[in-house]
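Structure first, commentary second.
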Amino acid sequence: MIEIQNLTKSYGQIKAVDDISFKVEKGEILGFLGPNGAGKSTTMNIITGFISSTAGTVKVDGYDIMENPREVKKRIGYLPEQPPLYMDMTVLEYLNFVYELKLVDKKQRRTQISDIMELTKIAHVKDRLIKNLSKGYKQRVGLAQSLVGSPDVLILDEPTVGLDPKQIIEIRKLIKALGKEHTIILSSHILPEVSAVCEKVIIINKGKIAAIDTPENLSKGFDSASKLSATIAGPTNSVQSHIQEIYGVKYVDVISEKEKDLASYVIEADKSLDIRRPLFFAMAKAGYPIIELKPMDMTLEDIFLQITTEEKEAE
Ligand code: ADP
Ligand code: MG
């Protein structure tokens, strides 16, 4: 449905987007994940035809954004980082206005707009001025705006930014529901969001794709048994040096000291080794009881940090 090839965008010396390629299949929800400044908005702005690329191609449903911008724009609903709302219009006035802008068939206007308001749950505020709505409702109006004209593709730039936790859950639910009938690209700099909503994740860092996979596979690619959290009774220095001596241990760090001679440690070992047994024997021999021991699962957060830090080190 969406095909991006060797896309690059330069601002002077800076490459905001640096030679990225990916595909989004019809009906897929793709998460675009990356720290601030990674190039998410720039990529989305290019896909939607808001700005031009320096090099590379964008195709939506087979149409090239440069050759057939109208055909592409017809198929895309866009919610930019800053929703383009007119504060002095009522919700209904605004949606009618967008409807005219998008040159959609006039006959369906009433039904389509009322369907969209139903879906985004804003029907009961349709006569309110947008400026008087809460941030969460403004965001829903922004989403509603992107749905006008029934586009196949939705591009949503950080759709939950600035919302409170309850509003975030509601908007996510809504996006998931929209995913049944639309192809969606959603950007976020927060990981739980992406794993909650998306089937595929692209991690982008400094304009480059650092990883692309399902949230599950991204987690699998990194061995979770290699990192342990342990609470051990004993003088921290001595405990630490005993652990350090165990074969395969890469590092050990104190996470927190609970009381005198009782601390929690994080222990990282080579991926192929399970050091729980050697750890048990080493601590028993030294006379330091293990109070608690558990594997630390790599969260998407860790993976994200690892991937983006590796990139940094490689520079
Ligand atoms: P993200 O949305 O992932 O936070 P952006 O796509 O907004 O990142 O920005 C990517 C990089 O491009 C940043 O370093 C930003 O400063 C730079 N950038 C974005 N727009 C412009 C512009 N109009 N002029 C110069 N630099 C820009
Ligand atoms: Mg952005």
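If the viscosity is 0.890 mPa s and the temperature 25 °C, what Stokes-Einstein diffusion coefficient in µm²/s follows for the chain when Rh is the Kirkwood radius over Cα pairs?
In µm²/s, the coefficient rounds to 110.
For the listed residue pairs LYS15/LYS206; LYS121/LYS166; LYS166/LYS200, the alpha carbons are over 19 angstrom apart in LYS166/LYS200.
Out of the trypsin sites (Lys or Arg not before Pro) in region 9-53, which ones are loop residues according to DSSP with at most 14 other C-beta atoms within 10 Å?
Sites meeting the loop and neighbour criteria: LYS26.
Mind checking the full-extension length gain between GLU245 and HIS124? Use 0.36 nm per residue of separation minus the Cα-Cα distance, one decimal, nm.
Value of the extension gain: 36.9 nm.
Pairs of Cα atoms nearer than 8 Å and 6+ residues apart set the relative contact order; for region 2-220 it is 30 percent. Going 7 Å from the Cα of SER134 toward and past its Cβ, which residues in region 151-190 have a backbone nitrogen under 13 Å from where you end up? Inside the label zone: 163-171. Quick one: how many lysine pairs in region 224-296 have C-alpha atoms under 16 angstrom apart, if they're 8 or more apart or on different chains? So the count works out to 5.
Over region 224-296, Cα pairs under 8 Å with separation of 6+ residues give a relative contact order of 48 percent.
The calculated 222 nm mean residue ellipticity attributable to helices in the chain amounts to -10500 deg cm²/dmol, summing -39500 (n - 2.57) over DSSP H runs of n ≥ 4 and dividing by all residues.
Check each of the trypsin sites (Lys or Arg not before Pro) in region 249-282 and keep only those in coil by DSSP with at most 12 other C-beta atoms within 10 angstrom; list them in order. Walk me through the intermediate numbers first.
Working: sites: LYS250, LYS258, LYS260, LYS271, ARG276; in loops: LYS260, LYS271.
Within region 249-282, the qualifying trypsin sites (Lys or Arg not before Pro) (loop, at most 12 other Cβ atoms within 10 Å) are LYS260.
Reducing region 181-212 and region 1-55 to their Cα centroids gives an inter-centroid distance of 12 Å. Simple point charges give the picture: +1 on the Cβ of Lys and Arg, -1 on the Cβ of Asp and Glu, and for the chain a dipole about the Cα centre of about 1040 debye. Distance from the Cα centroid of region 140-173 to that of region 68-103 is 13 Å (rounded to whole angstrom). So which GluC sites (Glu not before Pro) in region 81-114 are both in a DSSP loop and have at most 16 other Cβ atoms within 10 Å of their Cβ? Of the GluC sites (Glu not before Pro), the ones in loops of region 81-114 whose Cβ has at most 16 other Cβ atoms within 10 Å are GLU81.
Sorting 67-74, 190-197 by average packing, meaning the other beta carbons within 10 Å per residue, from highest down gives 190-197, 67-74. Remark: relative contact order (region 110-244) = 15 percent; criterion is Cα-Cα distance under 8 angstrom and separation of 6 or more residues.
Just so you know, all these numbers are worked out from the coordinates, no wet-lab data involved. This structure is a prediction, so every number in the text was calculated from the model and none was measured. Neighbour counts run over all protein chains shown; Cβ positions are idealised from the backbone, glycine included.
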